[in-house]
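One structure is given below, encoded as structure tokens.
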Amino acid sequence: VVALAACSERPEARAERLTVATMRTPATGLFFVAEASGCFAAERLEIDERNLELGRDALSLLRENGADAAISFETPTVRAALLDGRIRVLTALHSSTRDTRIIARRERGITGLSALRGTSIGLAQGSNADFVLDLLLRFGRVPRSQVLVVDLPPEQTVAALERGELDAAVLADPYAARAEHILGDRAQVFWTELYTEFSLLLTREDALQTRAGALRKLVRGLACAERIVREHGDEALRRIRTRFPELDEQELRAQLGRVKWGLGIDQVLAGVLRDEAEWLRVTGEAKGATLDVQRLLDRRLLEEIEPEAVMLLPSRRGAP
Amino acid sequence: MRSLEREIFVPTLILAGVIAGALVFLGWGSLSQSRALERDAEAVRGALALAVAISDAEDDEVRWMSSLNAPPAAGHEARIAEADARIASLSREIDAFSLAPRVAEVWQQFVETRAAMRQIGGEVIAAAQLHDRDGMLVARERWNLMAERADRLLGNFTAFHLNRLDRTVAELQRRRGRALGFAAIAIVGALLLSIVFAVLLVRTVVRPIVAMANAARRIQATGEASPVTGADRLDELGVLAHAFNAMTERLTSANATLAKANESLGEADRRKNQFLAVLSHELRNPLAPVKNGIWILDRVPPGSDQARRAREVIGRQVDHLAHLVDDLLDVTRITRGKIQLQRRHLELNELVRRTIEDHRAAFEEAGITVHLEAAPTMVFVDGDPHRIAQVIGNLLQNAAKFTPDGGQVTVSVAVSPSTREGVLRVADSGSGMAPEVVARLFEPFMQADTTLDRSKGGLGLGLALVKGLVEQHGGSVEARSDGVGRGSEFTVRLPLDVGEPGERQRERGDGAGVRRRVLVIEDVVDAADTLRAMLELAGHEVAVAYDGASGLARTRELHPEFVLCDIGLPGMSGYEVARAVRADESLRDVHLVALTGYALPDDLQRAAEAGFERHLAKPASLEALESILGGPRATAPQTTHA
């Protein structure tokens, strides 16, 4: 009887539940494609999604044990990792050099980066916008002290820019696109190929230990979504449209044109994380904390599921 | 039937085929996989070598770009351009590679980054040439960041191939482990299969053969049958075991038969030697008185009492000798089934009475009382009176021989209504017999008395003749004794003849008193002359010839009624004479009678084939001669004894 009972109730038949904190941006749309395409369901994974405005907030939820996994951009990740050694990167979800950008009011004479001197710039502090602003100010040879940085969430930043309370804003899509749309011809956009933005799938070390099976299914589901995107891009776009009802298809397609979806852990990501950790150290935010990038990047699950997506050189002795 | 060859060969072939197929499959798979891995490894090696070379060139480029001043030193720009050209050249080599999609994207980004670097590098050099140091520094910072990005992308490219190399190594290790596992399984499997096959071979082939070998050794050692198992198998070994068992059974049976025959032969040889000794003794005994009698006859006047007694002695001893020889011939005839009975309807009481009377003198001489208990009614049997009398006589002589002085012999005749037999019993109060003697009493040459003096005499053929003759009549004989010293009893049973006396009962025409014309052909002159004298004394007209040719001539000349012809004649044998007479139509009514010492059944056959009608064994008595000369002609030679 026991044997029959054991046979009749297979462990795989029970779906696993996983709480994932997400951010509402087309850049991280690979997750939405996976969910909409039934990739998680196929893995017998039931997702409890906590959709937040910023990755920073998703990270906070993860750190507070409110979620088993979170999606965030790399800058909040570096900040969180410097504070919390439990954070682990399972994979990147996208990379982009044009998603996060500065949208300035041209009518206020901002036609070049050097013109940002003395302007008020809105952004969500602690996000990658902060890093992008610093980089572009450096190229414009404008000291950060000579601009007024206004810490606002993206939604309020767009509104403040629209009302003229800000001269410029550092935003990522869809907020950046909305700001550009609002300003129209008055918008001056700055971006650089020298910055690569990443959205990352994160978890905690303890969750990796206790929920390894569910996290494996999560990564497998995302790999499934990547295959769908590669093979049926239009269909993938159609499936995530309901997530962004305020965007028409053309706008969504334009926004997605600025990002490259794809799983991966590579040298570029590791370099970006090191660069941002160094930036935080230089700006004094890190306060002596060091980032162990090799430890932060947990390649095991991705290597198991999509080995070619891992392009990480072996760590050099003593390297952070 | 199953074939052992097929039983062993087919599974072995299948097993070998499966193993060979598996090995070919594994080998082919391993070979093709190895080739694929080799190709991968070669591609990875090439990609990594190029990546390292690009990285070196990038390092040179960074060094020269970092050391650029405003204005640039002589040849500095050329160094940067040279490094860029080297990188471009190496990049073109990588462009020719067939890259996996992910790494192809990386490579594309690298190429784009290099293009951006070239553009920014141009800005750096332009600023330096314009002595715009600040502009040069800003542009160079961007160039450095771009170079770092290019370096990271090249790192991705390198990492991809290193990881691929790792995976190839891991795959090789996995396959090596799997190959080792397969090899171990194959070895263990082959070992197990070999053991199973060996066990099967031992069970199905070797053990049965060993069992047969052991059985053969046992048969060799003991000579006893030793059957092997497995005869019920349906293959060649089953056939072999079956044949082996049948062969050993036949062999042991033949051995037993041979042993029995050997024993019989030994016994026969022993008895033959004993018989020859007895025969020698019995034949010599009468010769002494005969020789003595002749010596006396030569020295006393004829007609004197001494001469008369001497003739009587000689006559008795010659009769005795003839009786011995007749017994021998009778035994031979009976043994070969060639004896001819002259059956007739005869009354047993009377025959017994007459025979007792014939032997009474011997009993009286021995002081033995003979008592006859005749049947109350006449007892008719169908028999040869001469032979039945011979049976009764032998039994009486036997009783006389073994009954001491003052003893009794009782002869009774009775009828057994239940078996419809006439029963003749001869009981004596004599020495009796041990049971083992009783059991073999009727065998030829069997004698209870084996002492050297042989006081009872005889050849030991009397009872064998009794048995043979009785059985020839369809009857039986048995002996009984309560033991040594307690007398013996012999019982003869003969089938009753209840029918009317017919032709058999009629007396033959008695030739006594008929004068016959007889020709005697005999090369031994004494024998011929004495025979002529005897026949002339009996009233016949007799002529003599002393060889075959003259005998034939005399036959044609005299045309006798009877020709008494010896067989062993010089020049022309008796058979040739007979054939010549039979070939002569004018001599058809001549009766040919063979008179010879060749009296065995084969001799009778040859005589008949030559044309003889009757056959007389030497020495022939006058009574036997008269019975022929006076009787009808036979259609086949018949032997008559004196």
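The values are calculated or read from the model by the stated rules, or taken from the named source; none is laboratory data. Source: prediction; values computed, not measured. Neighbour counts are summed over all protein chains in view; Cβ atoms, including those assigned to glycine, are modelled from backbone coordinates with ideal geometry.
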Expected single match for within 14 Å of another protein chain (Cβ to nearest Cβ) and part of a helix (DSSP H, G or I) among A:E226, A:E155, A:E193, A:E162 is A:E226
Looking at the range B:154-182, which of the residues that are within 13 Å of chain A (Cβ to nearest Cβ) and among the aromatic types (F, W, Y) is farthest from A:V132 (Cα to Cα)? B:F160
Taking the range B:518-533 and keeping only residues that are crowded, with 17+ Cβ neighbours inside 10 Å, part of a helix (DSSP H, G or I) and among the aliphatic types (A, V, I, L, M), one is left with B:A528, B:L531
Among the residues that make up the range A:209-221, is at least one of them within 30 Å of A:R86 (Cβ to Cβ), at pLDDT 90 or above and within 14 Å of chain B (Cβ to nearest Cβ)? no
Just one of the numbered conditions (1) surrounded by 15 or more Cβ atoms within 10 Å (Cβ to Cβ); (2) modelled with pLDDT under 85; (3) under 58 Å from the mean Cα position of the chain (by Cα) is not true of B:L346; which one? (2)
Check off (1) under 21 Å from A:L202 (Cα atoms); (2) at pLDDT below 90; (3) not in a loop (DSSP other than H, G, I, E, B) for A:L302 and give me the number that stays unchecked. (2)
Failed item, numbered, when A:V268 is tested on (1) of a type in the set (A, V, I, L, M, F, W, C); (2) crowded, with 16+ Cβ neighbours inside 10 Å; (3) more than 12 Å from chain B (Cβ to nearest Cβ): (3)
Give the residue, chosen from A:R141, A:R56, that is out of contact with any strand residue (DSSP E or B) (no Cβ under 9 Å at 6 or more places or on another chain), at pLDDT below 95, of a type in the set (K, R) and within 24 Å of A:R281 (Cα to Cα). A:R141
Out of all the residues in the range A:284-293, which are crowded, with 16+ Cβ neighbours inside 10 Å and either within 13 Å of chain B (Cβ to nearest Cβ) or among the polar types (S, T, N, Q) (or both)? A:V293
Only listed residue being in a helix (DSSP H, G or I) and at pLDDT 85 or above, chosen from B:T248, B:T257, B:T252: B:T257
Listed residues B:E105, B:E7, B:E38, B:E42; which is surrounded by 14 or more Cβ atoms within 10 Å (Cβ to Cβ) and more than 30 Å from B:L234 (Cα to Cα)? B:E105
State yes or no: is A:A254 within 17 Å of the chain's Cα centre (by Cα), touching a residue at least 60 places away in the same chain (Cβ under 8 Å), more than 14 Å from chain B (Cβ to nearest Cβ) and over 15 Å from A:L312 (Cα atoms)? no
Could we say that B:D151 is within 14 Å of chain A (Cβ to nearest Cβ), in a helix (DSSP H, G or I) and surrounded by fewer than 16 Cβ atoms within 10 Å (Cβ to Cβ) here? no
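Within the range B:413-421, does at least one residue satisfy the condition of being among the charged types (D, E, K, R) and in a helix (DSSP H, G or I)?
No: zero hits.
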All-but-one check, B:I80 against (1) within 14 Å of another protein chain (Cβ to nearest Cβ); (2) farther than 25 Å from A:R274 by Cα; (3) among the β-branched types (V, I, T), failing number (1)
From (1) in contact (Cβ under 8 Å) with a residue 24 or more places away in the chain; (2) under 20 Å from A:E53 (Cβ atoms), pick out the condition that doesn't hold for A:Y175. (1)
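May I ask you to say which residue of A:R281, A:R241 is closer than 27 Å to A:E155 by Cβ, surrounded by fewer than 21 Cβ atoms within 10 Å (Cβ to Cβ), more than 10 Å from every other protein chain (Cβ to nearest Cβ) and more than 16 Å from the chain's Cα centre (by Cα)? Break it down stepwise before answering.
Numbers: A:R281 fails: closer than 27 Å to A:E155 by Cβ.
None of the others qualify; the one that does is A:R241.
Yes/no matrix, rows are residues, columns are (1) aliphatic (A, V, I, L, M); (2) closer than 18 Å to B:M136 by Cβ; (3) touching a Cys at 6+ places or on another chain (Cβ under 7 Å); (4) modelled with pLDDT of 90 or more:
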residue	(1), (2), (3), (4)
B:L68	yes, yes, no, no
B:P72	no, yes, no, no
B:H76	no, yes, no, no
B:R86	no, no, no, yes
B:F97	no, no, no, no
B:V111	yes, no, no, yes
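Here's the yes/no breakdown for (1) part of a loop (DSSP other than H, G, I, E, B); (2) in contact (Cβ under 8 Å) with a residue 12 or more places away in the chain:
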{"residue": "B:E536", "(1), (2)": "no, no"}
{"residue": "B:G539", "(1), (2)": "yes, yes"}
{"residue": "B:V544", "(1), (2)": "no, yes"}
{"residue": "B:A549", "(1), (2)": "no, yes"}
{"residue": "B:A553", "(1), (2)": "no, no"}
{"residue": "B:L564", "(1), (2)": "no, yes"}
{"residue": "B:Y575", "(1), (2)": "no, yes"}
